[in-house]
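All remarks here apply to the structure that follows.
No value in this document is a laboratory result; all are computed from the given coordinates. As the structure is a computational prediction, the values presented were derived from the model and not from experiment. Cβ atoms come from the backbone with ideal geometry, glycine included; neighbour counts cover every protein chain shown.
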Amino acid sequence: MNDSRDKDSFEQRLAAAREKAGLDGTPERSSSVADAGGAATLATRVIVELTIPIVLAGLLGWWLDRVFHCAPWLLIVSVPFGMAAGIKGVLRSAAAGGKT
């Protein structure tokens, strides 16, 4: 029936409304959605930067203990170094996250 005429009329009115509102036709993301995405990204980054150095230091200490037959002393010594490296990475990420 008149579906094509009604659709054309709707599209024209929609384009006029978007032009009047200053929109380019692409929907914008809500700022709260963008903030939530940024917060989730930062949280994931912090978790990874904290756990990876601790795990790697633990594995290195365990391997060195096996090589030098002095278990568990090198493991005990290496894990705090991994923790310090992880905390340093988290602080660096937090400082960079606040600037962007």
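Compute the FRET efficiency between Ala21 and Val55 as 1/(1 + (r/R0)^6), taking r as their Cβ-Cβ distance and R0 = 41 Å, and round to the nearest 0.05.
Working: r = 51 Å, r/R0 = 1.25.
Computed FRET efficiency for Ala21 and Val55: 0.20.
Using the Cβ-Cβ distance between Ala39 and Ile87 with R0 = 22 Å, the FRET efficiency computed as 1/(1 + (r/R0)^6) comes to roughly 0.60.
Subtracting the Cα-Cα distance of Val48 and Val77 from their residue separation scaled by 0.36 nm leaves 8.3 nm. Counting every other Cβ atom within 10 Å of each residue's Cβ, Ile54, Ile47 order from fewest to most as Ile47, Ile54.
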